[in-house]
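Visitor: Dumping the structure here so I can ask a few things about it.
The values are calculated or read from the model by the stated rules, or taken from the named source; none is laboratory data. Treat the numbers as computed from the prediction; the structure is a model and nothing was measured. Every residue, glycine among them, receives a Cβ derived from its backbone with ideal geometry; neighbour counts consider all protein chains shown. Areas reflect the complete protein model, heavy atoms only, side chains present, ligands, DNA and RNA absent. Shrake-Rupley method; radii C 1.70, N 1.55, O 1.52, S 1.80 Å.
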Amino acid sequence: MKNLRLKAARAAKDLSQEALADLCDVSRQTISAIEKGDYNPTINLCIAICKALDKTLDELFWEE
Amino acid sequence: MGIYFFMFICMLVVVGVVALFSYGVHVNTGEHYDERQKLSRGKAGTIAFYTMEVLTVIYFLYSDTLPETYLRLDTSLFLIMLLFVGLAVFCCYNILHESYFGVGKNYWSKNYYSVFWLLVSGLYFANYRLSLEEGESIFSIKNGVIIMNGVQVSFVAGVAFMAIGICGIIRLVANRRQEE
(Lines give C-alpha, C1' and ligand atoms only; values in the text may rest on other atoms or scores of the structure.)
Protein backbone atom coordinates (compact mmCIF):
# COMPACT_ATOMS: atom_id res chain seq x y z
CA MET A 1 0.00 0.00 0.00
CA LYS A 2 1.31 3.45 -0.94
CA ASN A 3 2.39 5.70 1.91
CA LEU A 4 0.83 8.95 0.75
CA ARG A 5 1.19 10.55 4.19
CA LEU A 6 4.95 10.24 3.98
CA LYS A 7 4.94 11.76 0.52
CA ALA A 8 2.70 14.62 1.67
CA ALA A 9 4.85 15.28 4.77
CA ARG A 10 7.97 15.35 2.62
CA ALA A 11 6.36 17.72 0.13
CA ALA A 12 5.15 19.96 2.97
CA LYS A 13 8.75 20.30 4.15
CA ASP A 14 9.78 21.02 0.55
CA LEU A 15 12.22 18.11 0.56
CA SER A 16 13.09 15.99 -2.44
CA GLN A 17 13.45 12.22 -2.06
CA GLU A 18 17.21 12.70 -2.38
CA ALA A 19 17.28 15.31 0.41
CA LEU A 20 15.20 13.17 2.76
CA ALA A 21 17.39 10.17 1.93
CA ASP A 22 20.50 12.18 2.86
CA LEU A 23 18.91 13.21 6.17
CA CYS A 24 18.07 9.57 6.98
CA ASP A 25 21.37 8.17 5.64
CA VAL A 26 19.70 5.86 3.14
CA SER A 27 19.52 5.76 -0.66
CA ARG A 28 16.93 7.74 -2.62
CA GLN A 29 15.51 4.50 -3.97
CA THR A 30 14.78 3.31 -0.43
CA ILE A 31 12.64 6.39 0.24
CA SER A 32 10.96 5.90 -3.11
CA ALA A 33 10.26 2.23 -2.30
CA ILE A 34 8.73 3.16 1.09
CA GLU A 35 6.48 5.79 -0.52
CA LYS A 36 5.37 3.31 -3.17
CA GLY A 37 4.74 0.65 -0.53
CA ASP A 38 7.32 -1.71 -2.04
CA TYR A 39 9.41 -1.86 1.12
CA ASN A 40 8.51 -2.02 4.82
CA PRO A 41 11.15 -0.08 6.77
CA THR A 42 12.49 -1.17 10.16
CA ILE A 43 11.49 0.79 13.24
CA ASN A 44 14.92 2.50 13.28
CA LEU A 45 14.42 3.89 9.79
CA CYS A 46 10.81 4.88 10.60
CA ILE A 47 12.10 6.88 13.58
CA ALA A 48 14.82 8.52 11.46
CA ILE A 49 12.23 9.55 8.86
CA CYS A 50 9.88 10.87 11.55
CA LYS A 51 12.68 12.94 13.11
CA ALA A 52 13.68 14.33 9.70
CA LEU A 53 10.09 15.36 8.95
CA ASP A 54 9.16 16.45 12.50
CA LYS A 55 6.30 13.97 12.65
CA THR A 56 5.33 11.14 14.99
CA LEU A 57 5.30 7.46 14.08
CA ASP A 58 1.51 7.46 14.29
CA GLU A 59 1.20 10.36 11.89
CA LEU A 60 3.31 8.73 9.22
CA PHE A 61 3.04 4.99 9.65
CA TRP A 62 0.00 4.00 11.72
CA GLU A 63 -2.76 2.37 9.68
CA GLU A 64 -6.30 3.01 10.95
CA MET B 1 55.78 -27.42 -7.98
CA GLY B 2 57.82 -24.22 -8.42
CA ILE B 3 55.51 -22.58 -10.96
CA TYR B 4 52.38 -23.42 -8.97
CA PHE B 5 53.88 -21.98 -5.79
CA PHE B 6 54.85 -18.83 -7.70
CA MET B 7 51.30 -18.53 -9.09
CA PHE B 8 49.87 -19.02 -5.60
CA ILE B 9 52.09 -16.22 -4.24
CA CYS B 10 51.07 -13.97 -7.16
CA MET B 11 47.41 -14.65 -6.40
CA LEU B 12 47.93 -13.79 -2.71
CA VAL B 13 49.66 -10.53 -3.68
CA VAL B 14 46.83 -9.55 -6.05
CA VAL B 15 44.14 -10.41 -3.47
CA GLY B 16 46.07 -8.45 -0.81
CA VAL B 17 46.44 -5.35 -3.00
CA VAL B 18 42.75 -5.42 -4.00
CA ALA B 19 41.69 -5.91 -0.35
CA LEU B 20 43.86 -2.97 0.79
CA PHE B 21 42.54 -0.76 -2.01
CA SER B 22 38.93 -1.69 -1.20
CA TYR B 23 39.46 -1.02 2.50
CA GLY B 24 41.02 2.38 1.70
CA VAL B 25 38.07 3.34 -0.51
CA HIS B 26 35.61 2.14 2.14
CA VAL B 27 37.29 4.21 4.88
CA ASN B 28 37.64 7.35 2.71
CA THR B 29 34.12 7.40 1.31
CA GLY B 30 32.25 6.10 4.35
CA GLU B 31 30.18 4.16 1.85
CA HIS B 32 27.75 1.68 3.36
CA TYR B 33 24.57 -0.13 2.40
CA ASP B 34 21.24 0.83 3.93
CA GLU B 35 18.83 -1.77 5.31
CA ARG B 36 16.90 -2.27 2.05
CA GLN B 37 20.13 -2.63 0.10
CA LYS B 38 21.47 -5.23 2.55
CA LEU B 39 18.29 -7.28 2.11
CA SER B 40 18.49 -6.93 -1.64
CA ARG B 41 22.16 -7.96 -1.75
CA GLY B 42 21.33 -11.01 0.35
CA LYS B 43 18.62 -11.98 -2.14
CA ALA B 44 21.02 -11.37 -5.04
CA GLY B 45 23.55 -13.73 -3.45
CA THR B 46 20.89 -16.38 -2.89
CA ILE B 47 19.62 -16.15 -6.47
CA ALA B 48 23.16 -16.28 -7.89
CA PHE B 49 23.98 -19.28 -5.68
CA TYR B 50 20.88 -21.24 -6.71
CA THR B 51 21.40 -20.36 -10.37
CA MET B 52 24.88 -21.86 -10.15
CA GLU B 53 23.54 -24.90 -8.28
CA VAL B 54 20.83 -25.54 -10.89
CA LEU B 55 23.31 -25.15 -13.75
CA THR B 56 25.71 -27.58 -12.04
CA VAL B 57 22.96 -30.18 -11.62
CA ILE B 58 21.89 -29.76 -15.26
CA TYR B 59 25.51 -30.09 -16.39
CA PHE B 60 26.12 -33.31 -14.48
CA LEU B 61 22.75 -34.79 -15.45
CA TYR B 62 23.53 -34.00 -19.08
CA SER B 63 27.07 -35.38 -18.86
CA ASP B 64 26.23 -38.53 -16.91
CA THR B 65 22.88 -39.61 -18.31
CA LEU B 66 23.11 -38.89 -22.03
CA PRO B 67 25.15 -41.16 -24.32
CA GLU B 68 28.75 -40.15 -24.97
CA THR B 69 27.97 -39.38 -28.60
CA TYR B 70 26.37 -36.11 -27.47
CA LEU B 71 28.57 -33.03 -27.57
CA ARG B 72 29.42 -31.79 -24.08
CA LEU B 73 31.49 -29.12 -22.33
CA ASP B 74 34.85 -29.69 -20.70
CA THR B 75 34.50 -29.39 -16.89
CA SER B 76 37.01 -26.53 -16.69
CA LEU B 77 35.13 -24.58 -19.40
CA PHE B 78 31.87 -25.20 -17.56
CA LEU B 79 33.37 -23.97 -14.28
CA ILE B 80 34.60 -20.74 -15.89
CA MET B 81 31.16 -20.20 -17.43
CA LEU B 82 29.54 -20.91 -14.07
CA LEU B 83 31.66 -18.23 -12.36
CA PHE B 84 30.76 -15.60 -14.94
CA VAL B 85 27.07 -16.53 -14.86
CA GLY B 86 27.05 -16.22 -11.05
CA LEU B 87 28.84 -12.86 -11.23
CA ALA B 88 26.46 -11.55 -13.91
CA VAL B 89 23.33 -12.67 -12.01
CA PHE B 90 24.58 -11.12 -8.74
CA CYS B 91 25.56 -7.80 -10.34
CA CYS B 92 22.49 -7.51 -12.58
CA TYR B 93 20.09 -8.19 -9.70
CA ASN B 94 21.84 -5.60 -7.53
CA ILE B 95 21.92 -2.99 -10.28
CA LEU B 96 18.24 -3.46 -11.12
CA HIS B 97 17.28 -3.27 -7.42
CA GLU B 98 19.52 -0.27 -6.69
CA SER B 99 21.76 -2.06 -4.25
CA TYR B 100 24.96 -2.08 -6.31
CA PHE B 101 26.23 1.23 -4.97
CA GLY B 102 26.03 2.00 -1.28
CA VAL B 103 25.09 5.23 0.46
CA GLY B 104 27.80 7.84 0.96
CA LYS B 105 30.34 9.70 -1.13
CA ASN B 106 30.86 7.85 -4.39
CA TYR B 107 34.02 8.57 -6.31
CA TRP B 108 32.45 6.67 -9.19
CA SER B 109 29.80 8.50 -11.12
CA LYS B 110 26.79 6.24 -11.28
CA ASN B 111 26.16 7.52 -14.80
CA TYR B 112 29.42 6.12 -16.09
CA TYR B 113 29.76 2.72 -14.44
CA SER B 114 27.69 1.04 -17.15
CA VAL B 115 30.00 2.60 -19.75
CA PHE B 116 32.94 1.11 -17.83
CA TRP B 117 31.40 -2.37 -17.89
CA LEU B 118 30.60 -2.05 -21.61
CA LEU B 119 34.20 -0.96 -22.20
CA VAL B 120 35.51 -4.02 -20.32
CA SER B 121 33.12 -6.16 -22.33
CA GLY B 122 34.39 -4.56 -25.55
CA LEU B 123 37.99 -5.40 -24.59
CA TYR B 124 37.04 -9.05 -24.11
CA PHE B 125 35.21 -9.12 -27.44
CA ALA B 126 38.23 -7.49 -29.11
CA ASN B 127 40.44 -10.17 -27.57
CA TYR B 128 37.98 -12.79 -28.84
CA ARG B 129 38.14 -11.35 -32.35
CA LEU B 130 41.96 -11.13 -32.31
CA SER B 131 42.26 -14.72 -31.11
CA LEU B 132 40.03 -15.87 -33.98
CA GLU B 133 42.14 -13.92 -36.47
CA GLU B 134 45.27 -15.53 -35.06
CA GLY B 135 43.82 -18.88 -35.99
CA GLU B 136 42.41 -20.17 -32.70
CA SER B 137 39.27 -22.19 -33.30
CA ILE B 138 36.00 -21.49 -31.48
CA PHE B 139 35.46 -25.15 -30.69
CA SER B 140 38.36 -27.51 -30.02
CA ILE B 141 36.55 -30.82 -29.81
CA LYS B 142 38.28 -33.92 -28.46
CA ASN B 143 36.32 -37.18 -28.04
CA GLY B 144 33.01 -35.29 -28.13
CA VAL B 145 34.10 -32.81 -25.44
CA ILE B 146 34.51 -29.07 -26.12
CA ILE B 147 37.91 -28.25 -24.63
CA MET B 148 38.46 -24.90 -22.93
CA ASN B 149 40.56 -22.32 -24.77
CA GLY B 150 41.15 -18.59 -24.52
CA VAL B 151 38.62 -17.74 -27.23
CA GLN B 152 35.68 -19.18 -25.32
CA VAL B 153 36.73 -17.59 -22.02
CA SER B 154 36.97 -14.15 -23.69
CA PHE B 155 33.55 -14.61 -25.26
CA VAL B 156 31.88 -15.72 -22.00
CA ALA B 157 33.50 -12.83 -20.07
CA GLY B 158 32.44 -10.36 -22.78
CA VAL B 159 28.82 -11.53 -22.63
CA ALA B 160 28.75 -11.41 -18.80
CA PHE B 161 30.17 -7.88 -18.61
CA MET B 162 27.92 -6.70 -21.44
CA ALA B 163 24.87 -7.99 -19.52
CA ILE B 164 25.99 -6.01 -16.46
CA GLY B 165 26.51 -2.86 -18.57
CA ILE B 166 23.10 -3.19 -20.24
CA CYS B 167 21.39 -3.63 -16.85
CA GLY B 168 23.14 -0.44 -15.70
CA ILE B 169 21.80 1.49 -18.68
CA ILE B 170 18.26 0.13 -18.13
CA ARG B 171 18.40 1.22 -14.48
CA LEU B 172 19.79 4.63 -15.42
CA VAL B 173 16.96 5.27 -17.89
CA ALA B 174 14.36 4.06 -15.35
CA ASN B 175 15.81 6.41 -12.70
CA ARG B 176 15.79 9.39 -15.07
CA ARG B 177 12.11 8.74 -15.83
CA GLN B 178 11.33 8.38 -12.12
CA GLU B 179 13.01 11.69 -11.33
CA GLU B 180 11.11 13.47 -14.13
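Visitor: Per residue of the protein assembly as shown, what 222 nm ellipticity follows from adding -39500 (n - 2.57) for every DSSP H run with n ≥ 4, rounded to the nearest 500?
Guide: That calculation yields -24000 deg cm²/dmol at 222 nm.
Visitor: Taking 0.36 nm per residue of separation and subtracting the Cα-Cα distance, what length does fully extending residue B:10 through residue B:166 add?
Guide: Extra length from residue B:10 to residue B:166 when fully extended: 52.9 nm.
Visitor: May I pose another question? Taking chain B as a whole, which cysteines find no other cysteine Cβ under 4.7 angstrom from their Cβ?
Guide: So far as the 4.7 Å Cβ criterion goes, B:10, B:91 stand without a partner in chain B.
Visitor: With the full set of protein chains in place, find how many percent of the accessible area of the stretch B:87-180 is carbon and sulfur; take the probe as 1.4 Å.
Guide: On the stretch B:87-180, the fraction of accessible area on carbon and sulfur atoms equals 65 percent.
Visitor: Out of every Cα-Cα pair in the protein assembly as shown, what percent are more than 33 Å apart?
Guide: 37
Visitor: What Kirkwood Rh does the stretch A:1-57 have if only Cα atoms enter the pairwise 1/r average? Answer in Å.
Guide: Roughly 10.9 Å, rounded to one decimal.
Visitor: Once you have all Cα-Cα distances for the stretch B:34-179, histogram them in 5 Å bins from zero and send the whole-percent values.
Guide: Whole-percent P(r) values from 0 Å outward: 2, 9, 14, 17, 17, 14, 11, 8, 5, 3, 1, 0.
Visitor: Another question about this same structure. Where in the stretch B:43-101 are there chymotrypsin sites (Phe, Trp or Tyr not before Pro) that are in a DSSP coil and have at most 14 other Cβ atoms within 10 angstrom of their Cβ?
Guide: B:70
Visitor: Provide the net charge surrounding residue A:9, with neighbours chosen by a C-beta distance below 15 Å and charges set as Lys +1, Arg +1, Asp -1, Glu -1.
Guide: Once positives and negatives cancel, what remains is +2.
Visitor: Moving to a separate point now. At q = 0.22 Å⁻¹, work out log10 I(q)/I(0) for the stretch B:16-73 with the Debye formula, treating every Cα as an identical point scatterer and leaving solvent out; two decimals please.
Guide: The Cα Debye sum returns log10 ratios of -0.91.
Visitor: Might you tell me the accessible area per residue for the protein assembly as shown, computed with a 1.4 Å probe and given in Å²?
Guide: Averaged over the residues of the protein assembly as shown, the accessible area is 64 Å².
Visitor: Another question, then. Student exercise: in the protein assembly as shown, how many lysine pairs 8 or more apart or on different chains have Cα atoms under 17 Å apart?
Guide: 6
Visitor: State which helices in chain B qualify, where a helix is a whole DSSP H run, it must extend 15 Å or more along its own axis by its Cα atoms, and its mean Kyte-Doolittle hydropathy must be at least 1.6.
Guide: In chain B, the long hydrophobic H runs are B:2-29, B:75-96.
Visitor: So what is the relative contact order of chain B, in percent, for Cα pairs below 8 Å that sit 6 or more residues apart?
Guide: 29
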